[in-house]
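Some notes on the structure that comes next.
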Amino acid sequence: MITTLRFTMLFAAALCAAGCGSDDEPAGSGTPGTGATTSSQASSGTGSGSSSGSGGSGSGGTGTGGDVTTTVVVNEISAKGSDWIELGNPGSAAADLGGFGLCDSDATGLCNTGDALRFPEGTELGPGEYLLVLGDQAVEVGPGPHTTCLAEGPSSCFYATWKVSASRGETVFLISPNDHVLNQLEYPMEAAADGQTWGRLPDLTGQGGVTAPTPGAANAAP
(Lines give C-alpha, C1' and ligand atoms only; values in the text may rest on other atoms or scores of the structure.)
Protein backbone atom coordinates (compact mmCIF):
# COMPACT_ATOMS: atom_id res chain seq x y z
CA MET A 1 0.00 0.00 0.00
CA ILE A 2 2.73 2.51 1.00
CA THR A 3 4.77 1.73 -2.12
CA THR A 4 1.72 2.18 -4.35
CA LEU A 5 0.83 5.52 -2.66
CA ARG A 6 4.41 6.83 -3.08
CA PHE A 7 4.36 5.89 -6.76
CA THR A 8 1.02 7.71 -7.26
CA MET A 9 2.32 10.89 -5.56
CA LEU A 10 5.54 10.88 -7.58
CA PHE A 11 3.56 10.44 -10.81
CA ALA A 12 1.27 13.42 -9.97
CA ALA A 13 4.26 15.60 -9.13
CA ALA A 14 5.82 14.80 -12.47
CA LEU A 15 2.66 15.87 -14.26
CA CYS A 16 2.54 19.25 -12.40
CA ALA A 17 6.14 19.90 -13.31
CA ALA A 18 4.84 20.43 -16.86
CA GLY A 19 2.49 23.15 -15.55
CA CYS A 20 -0.64 23.00 -13.35
CA GLY A 21 -3.14 25.79 -13.01
CA SER A 22 -6.77 26.83 -12.79
CA ASP A 23 -9.01 26.58 -15.85
CA ASP A 24 -10.04 30.23 -15.15
CA GLU A 25 -6.55 31.62 -15.82
CA PRO A 26 -6.10 33.51 -19.14
CA ALA A 27 -4.02 31.71 -21.70
CA GLY A 28 -1.95 34.77 -22.63
CA SER A 29 0.53 36.62 -20.45
CA GLY A 30 -0.33 40.18 -21.61
CA THR A 31 -2.24 42.68 -19.51
CA PRO A 32 -5.57 43.66 -21.09
CA GLY A 33 -6.31 47.32 -21.72
CA THR A 34 -2.71 48.55 -22.01
CA GLY A 35 -2.53 48.96 -25.81
CA ALA A 36 -3.29 52.19 -27.68
CA THR A 37 -4.36 52.99 -31.24
CA THR A 38 -4.04 56.22 -33.14
CA SER A 39 -6.20 57.33 -36.08
CA SER A 40 -4.44 59.34 -38.81
CA GLN A 41 -7.58 61.34 -39.70
CA ALA A 42 -10.53 62.79 -37.86
CA SER A 43 -14.03 62.83 -39.24
CA SER A 44 -15.08 66.14 -40.62
CA GLY A 45 -18.34 66.08 -38.71
CA THR A 46 -21.47 67.91 -39.73
CA GLY A 47 -21.81 70.72 -37.24
CA SER A 48 -19.78 73.67 -36.05
CA GLY A 49 -19.13 72.31 -32.59
CA SER A 50 -15.87 71.64 -30.76
CA SER A 51 -14.47 69.53 -33.60
CA SER A 52 -13.76 72.74 -35.46
CA GLY A 53 -12.01 74.33 -32.51
CA SER A 54 -8.31 74.66 -31.82
CA GLY A 55 -6.28 71.52 -32.28
CA GLY A 56 -4.03 72.08 -29.27
CA SER A 57 -2.41 74.54 -26.93
CA GLY A 58 1.28 74.00 -27.68
CA SER A 59 3.46 75.67 -30.27
CA GLY A 60 3.39 74.22 -33.76
CA GLY A 61 5.55 71.25 -34.65
CA THR A 62 6.11 69.84 -31.16
CA GLY A 63 6.47 66.10 -30.71
CA THR A 64 6.00 63.40 -33.32
CA GLY A 65 3.12 61.32 -34.60
CA GLY A 66 -0.08 61.90 -32.68
CA ASP A 67 1.77 64.18 -30.22
CA VAL A 68 2.20 67.00 -32.75
CA THR A 69 0.16 70.04 -31.75
CA THR A 70 -0.28 73.59 -32.97
CA THR A 71 -2.05 76.75 -31.92
CA VAL A 72 -2.82 77.59 -35.56
CA VAL A 73 -6.48 77.41 -36.62
CA VAL A 74 -8.36 77.46 -39.92
CA ASN A 75 -9.86 80.91 -39.40
CA GLU A 76 -11.77 82.03 -42.52
CA ILE A 77 -12.92 80.48 -45.81
CA SER A 78 -14.00 82.20 -49.03
CA ALA A 79 -15.79 79.83 -51.41
CA LYS A 80 -17.65 82.33 -53.61
CA GLY A 81 -15.85 84.71 -55.94
CA SER A 82 -12.22 84.55 -54.83
CA ASP A 83 -11.23 81.14 -53.45
CA TRP A 84 -9.03 81.45 -50.37
CA ILE A 85 -8.45 80.17 -46.87
CA GLU A 86 -6.97 82.09 -43.98
CA LEU A 87 -5.03 80.53 -41.11
CA GLY A 88 -4.46 82.38 -37.86
CA ASN A 89 -2.34 81.90 -34.77
CA PRO A 90 -4.08 82.84 -31.49
CA GLY A 91 -1.12 81.52 -29.47
CA SER A 92 1.52 83.49 -27.60
CA ALA A 93 4.47 82.07 -29.55
CA ALA A 94 5.39 81.56 -33.20
CA ALA A 95 4.12 78.33 -34.76
CA ASP A 96 6.29 76.26 -37.09
CA LEU A 97 4.25 75.03 -40.08
CA GLY A 98 7.08 73.39 -42.02
CA GLY A 99 5.81 70.09 -43.44
CA PHE A 100 2.26 70.72 -42.21
CA GLY A 101 -0.55 70.42 -44.74
CA LEU A 102 -3.85 72.04 -45.66
CA CYS A 103 -6.55 70.05 -47.45
CA ASP A 104 -10.22 70.04 -48.33
CA SER A 105 -12.53 67.09 -47.75
CA ASP A 106 -12.94 64.11 -50.05
CA ALA A 107 -16.17 62.28 -50.92
CA THR A 108 -16.18 60.61 -47.49
CA GLY A 109 -15.73 63.87 -45.59
CA LEU A 110 -12.12 63.19 -44.62
CA CYS A 111 -8.97 65.11 -45.51
CA ASN A 112 -7.94 64.71 -49.14
CA THR A 113 -4.28 64.17 -48.27
CA GLY A 114 -3.28 63.38 -51.86
CA ASP A 115 -3.91 66.98 -52.94
CA ALA A 116 -2.87 68.66 -49.69
CA LEU A 117 -0.86 71.88 -49.79
CA ARG A 118 2.39 71.22 -47.92
CA PHE A 119 4.04 74.24 -46.33
CA PRO A 120 7.80 74.47 -47.02
CA GLU A 121 10.30 74.05 -44.20
CA GLY A 122 10.86 77.32 -42.39
CA THR A 123 7.25 78.48 -42.71
CA GLU A 124 6.29 80.16 -39.44
CA LEU A 125 3.25 82.06 -38.25
CA GLY A 126 3.84 84.54 -35.46
CA PRO A 127 1.47 85.11 -32.54
CA GLY A 128 -1.63 86.96 -33.64
CA GLU A 129 -0.64 86.74 -37.31
CA TYR A 130 -2.50 85.40 -40.33
CA LEU A 131 -1.51 83.33 -43.36
CA LEU A 132 -3.38 83.41 -46.66
CA VAL A 133 -3.82 80.46 -49.04
CA LEU A 134 -5.28 80.97 -52.52
CA GLY A 135 -7.25 78.05 -53.93
CA ASP A 136 -7.70 76.66 -57.44
CA GLN A 137 -4.10 77.36 -58.52
CA ALA A 138 -1.97 75.49 -61.08
CA VAL A 139 -0.02 72.59 -59.59
CA GLU A 140 3.16 73.41 -61.53
CA VAL A 141 3.43 76.82 -59.85
CA GLY A 142 4.16 75.22 -56.49
CA PRO A 143 3.03 76.06 -52.95
CA GLY A 144 5.05 79.26 -52.55
CA PRO A 145 5.30 81.59 -50.81
CA HIS A 146 4.15 83.82 -53.68
CA THR A 147 3.82 87.57 -54.03
CA THR A 148 0.95 87.47 -56.53
CA CYS A 149 -1.93 87.39 -54.06
CA LEU A 150 -5.22 89.18 -53.46
CA ALA A 151 -5.28 92.92 -54.11
CA GLU A 152 -7.01 93.50 -50.77
CA GLY A 153 -4.96 90.98 -48.79
CA PRO A 154 -1.40 90.45 -47.56
CA SER A 155 1.53 90.71 -49.98
CA SER A 156 2.62 87.10 -49.40
CA CYS A 157 0.50 83.97 -49.78
CA PHE A 158 0.56 80.26 -50.60
CA TYR A 159 -1.18 78.35 -53.38
CA ALA A 160 -3.40 75.27 -53.16
CA THR A 161 -4.57 73.31 -56.21
CA TRP A 162 -8.05 72.65 -54.81
CA LYS A 163 -11.00 74.89 -53.97
CA VAL A 164 -13.84 74.70 -51.44
CA SER A 165 -17.25 73.92 -52.94
CA ALA A 166 -19.88 76.40 -51.75
CA SER A 167 -22.76 74.41 -53.25
CA ARG A 168 -21.73 71.08 -51.75
CA GLY A 169 -20.14 72.32 -48.54
CA GLU A 170 -16.74 71.09 -47.40
CA THR A 171 -14.36 70.99 -44.46
CA VAL A 172 -10.85 72.43 -44.53
CA PHE A 173 -8.28 70.56 -42.43
CA LEU A 174 -4.89 71.55 -41.05
CA ILE A 175 -2.80 68.38 -40.76
CA SER A 176 0.56 67.47 -39.26
CA PRO A 177 3.51 66.27 -41.38
CA ASN A 178 2.29 62.69 -40.89
CA ASP A 179 -1.35 63.51 -41.73
CA HIS A 180 -2.91 63.79 -38.28
CA VAL A 181 -5.77 66.31 -38.25
CA LEU A 182 -4.89 69.15 -35.90
CA ASN A 183 -7.64 71.65 -36.67
CA GLN A 184 -10.59 71.99 -39.00
CA LEU A 185 -13.36 74.37 -40.01
CA GLU A 186 -16.50 73.28 -41.81
CA TYR A 187 -17.98 75.41 -44.58
CA PRO A 188 -21.65 74.34 -44.61
CA MET A 189 -23.59 73.99 -47.84
CA GLU A 190 -24.38 77.47 -49.25
CA ALA A 191 -23.16 78.96 -45.97
CA ALA A 192 -22.47 82.47 -47.24
CA ALA A 193 -23.88 84.76 -49.90
CA ASP A 194 -21.88 86.47 -52.64
CA GLY A 195 -19.45 88.93 -51.08
CA GLN A 196 -19.43 87.07 -47.75
CA THR A 197 -17.12 84.49 -46.16
CA TRP A 198 -17.37 81.91 -43.39
CA GLY A 199 -15.09 82.43 -40.41
CA ARG A 200 -14.60 82.16 -36.69
CA LEU A 201 -16.45 84.64 -34.50
CA PRO A 202 -14.93 85.81 -32.23
CA ASP A 203 -11.83 85.93 -34.41
CA LEU A 204 -9.43 82.98 -34.01
CA THR A 205 -11.35 81.38 -31.14
CA GLY A 206 -15.05 81.13 -31.99
CA GLN A 207 -17.17 78.80 -34.07
CA GLY A 208 -17.95 79.32 -37.74
CA GLY A 209 -20.37 82.00 -38.89
CA VAL A 210 -21.03 84.38 -41.77
CA THR A 211 -18.32 87.04 -41.93
CA ALA A 212 -17.20 89.98 -44.03
CA PRO A 213 -14.15 89.16 -46.20
CA THR A 214 -11.01 90.10 -44.22
CA PRO A 215 -8.08 88.15 -45.74
CA GLY A 216 -5.01 88.59 -43.54
CA ALA A 217 -6.92 90.51 -40.85
CA ALA A 218 -9.23 89.84 -37.91
CA ASN A 219 -12.64 88.41 -38.73
CA ALA A 220 -15.63 90.69 -38.56
CA ALA A 221 -19.39 90.28 -38.81
CA PRO A 222 -20.88 91.28 -42.20
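The values are calculated or read from the model by the stated rules, or taken from the named source; none is laboratory data. Just so it is clear, the structure is predicted and the values come from calculations on it, not from any experiment. Virtual Cβ from ideal backbone geometry, glycine too; neighbours counted across all protein chains shown.
Below are the figures for this structure:
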item: Residues that are surrounded by fewer than 19 Cβ atoms within 10 Å (Cβ to Cβ) and in contact (Cβ under 8 Å) with a residue 60 or more places away in the chain, drawn from segment 99-123; result: 99, 109, 110, 113
item: Residue match in segment 194-210 (condition: buried (at least 20 other Cβ atoms within 10 Å of the Cβ), among the aliphatic types (A, V, I, L, M), farther than 20 Å from residue 91 by Cβ and out of contact with any Leu (no Cβ under 6 Å at 6 or more places or on another chain)); result: no
item: Residue check for residue 67: modelled with pLDDT of 90 or more and charged (D, E, K, R); result: no
item: Every pair of residues 6+ apart whose Cβ atoms lie under 9 Å, when the first sits in segment 65-89 and is buried (at least 24 other Cβ atoms within 10 Å of the Cβ) while the second is basic (Lys, Arg); result: 73/200; 74/200; 75/200; 76/200; 79/163; 88/200
item: Hits in segment 158-185 - residues which are in contact with a Pro (Cβ under 7 Å, 6 or more places away or on another chain) and touching a residue at least 24 places away in the same chain (Cβ under 8 Å); result: 158, 159
item: Matching residues in segment 149-191 - criterion: being farther than 15 Å from residue 87 by Cβ and in a strand (DSSP E or B); result: 170, 186
